[in-house]
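To start, the structure under review is shown below, and the notes come after it.
No value in this document is a laboratory result; all are computed from the given coordinates. What you are looking at is a predicted structure, and each value in this text was computed from that prediction instead of being measured. Cβ coordinates were reconstructed from backbone atoms using ideal geometry, including for glycine residues, and neighbour counts include every protein chain displayed.
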Amino acid sequence: MGALLGRRLWAFLIDELVLGAVAAFPLYLLLTPRSDGTGALALAIGAASQALALIYWVSTDYLFGQSLGKMVVRVKTVAASSGRGGGKVGFFQALLRSLTKLVNFLLLLDSLRLLWGGGEQRSTDALAGTTVVEWI
Amino acid sequence: MKKKTLGMAVVVLAILTLSLGFSLALKGAGNLPSPREIAVVRIEGQIGGGSGALSQDAFVDVQRTKETLDSLTEDPLVSAVVLDIDSPGGETAPTADIVYSIRDLRARKPVVSYVSSMGASGGYWIASSANRTVVAPLAVVGSIGVFSDFFDASALLAKVGVNYTTLKAGKYKDAGSFARPMTDEERAYVQGIIDKIHDEFVSSVSHDRNIPVETLMPLAQGQIFLGRDAVSLGLADRLGTKKDAIELAKELSGAGTYSVSELSTSGGWTDFLRQMGATAGQALGRGFSEAVLSFAAREQRIA
């Protein structure tokens, strides 16, 4: 359990670093000088950054069963019914399990289940019928 | 595996392209107003003495105020700043700290202070450091003076049978102790410090308001003045509203068209909640961009 949880954490950190660099950085770099952190433009920056993050999480889970971080640490999201058989994750499954990643506080709550559930499923994994397994 | 790696690279590049495309579209389209050409900074409450989230409504967050003023100094899109002051004053060192930041700001762009209700003591010190000061007719302004309270509880201690002993090294180390009356020598020592702070306050107002010290000194005996009297005495430039102060800032900056943005200098829970609502990736992206922009601004200044 500990090993899988640790790998998932590393994968998440790598993915957030990638998203910070390719999704949020250009937006904040080019648009921050025109925003005071409130108002329509700030809202647009935040919304665009979140939308790109959602596209990343959903598309990588749906297309490959792995985000870049998961690929590096060798874990994979699969349909829970297939277990280590590696059943492909559906689009709506990928969407559902990605939603809480957009709000730190919700992700924290969502991840509490990992602490006593074997490190394989967040609450939204259980809801979406997906699980994360080690994948050599 | 190779195919998957290639696919992943395509996804990451697509995200980057979308991010750049969106940024350039918003930047180039010009359909959003630049919201910070006239920045209004609210300075409200007692200056210094408070810290932490729970005291943010009652005290001016000195550190945050300074950071806001410093960032406005560097911001190329801000053409002028209005200080919206409602403060009875507070501690002297933090007040002077804010005044120094305003002087740096004023060297780069016009600063107008506006006092709606109270700009007394340290609140007035801050207001006077702007290029122009606008006050409401019934605002309380002035109180140029310094005080420090000491109390002598030696009689009370004796009455209840308490013996209080202080061991010290240094003649003035316990000057102002509540357990004994102040000696004449200590009184002169503390009064000397208070006089020096008063001199600094007066000379700062004299310099920034362009009033000779000898003219200012009779007005700097701790009196408060109503806004209309403050204008006639030269402690403020004109009567008006916040809108008038913003208009004056616009005139001084020469900005043809402008928009106004109100900046809060409070910290604490609001920041915490905002952080909890953002993702780590956003925070990283914002952090990277702030580092790059700050570096670019420094390079521009050196050049």
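Structure data summary
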{"quantity": "Magnitude of the charge dipole, the range A:2-134, Cβ model with Lys/Arg +1 and Asp/Glu -1, debye to 20", "calculated": "300"}
{"quantity": "Helix-only mean residue ellipticity at 222 nm for chain A, each DSSP H run of n ≥ 4 adding -39500 (n - 2.57), per residue, nearest 500", "calculated": "-19000 deg cm²/dmol"}
{"quantity": "The range A:2-134: C-alpha gyration tensor shape, a/c 1.5 cut-off, then a/b vs b/c", "calculated": "prolate"}
{"quantity": "Spacing of the two label points (7 Å from each Cα toward its C-beta) at A:Phe92 and B:Ile194, in nm", "calculated": "7.7"}
{"quantity": "Listed residue (B:Ser129, B:Ser154, B:Gly119) projecting farthest to the positive dipole end of the range B:99-175, Cβ model", "calculated": "B:Ser129"}
{"quantity": "Span from the the range B:87-158 Cα centroid across to the the range A:68-136 one, whole angstrom", "calculated": "56"}
{"quantity": "Relative contact order of the range B:119-226, defined on C-alpha pairs under 8 angstrom at six or more residues apart (%)", "calculated": "42"}
{"quantity": "Cα gyration tensor shape of the range B:81-157, rounded if a/c is under 1.5, else prolate or oblate by comparing a/b with b/c", "calculated": "oblate"}
{"quantity": "Three-way shape call for the range B:142-189 based on the alpha-carbon gyration tensor, with the a/c threshold at 1.5", "calculated": "oblate"}
{"quantity": "Selected from A:Phe91, A:Ile55, A:Leu17, residue furthest toward positive end of dipole (the range A:2-134; charges at beta carbon)", "calculated": "A:Phe91"}
{"quantity": "Exceeding the 18 Å Cα-Cα cut-off - candidates A:Lys88/B:Lys4; A:Lys70/B:Lys3; B:Lys168/B:Lys196; A:Lys70/B:Lys2; B:Lys66/B:Lys242", "calculated": "B:Lys168/B:Lys196; B:Lys66/B:Lys242"}
{"quantity": "Between 0 and 90°, nearest 10: helix A:39-64 axis offset from chain A longest Cα axis", "calculated": "30"}
{"quantity": "Relative contact order (percent, whole number), the range A:2-134, Cα cutoff 8 Å, 6+ residue spacing", "calculated": "27"}
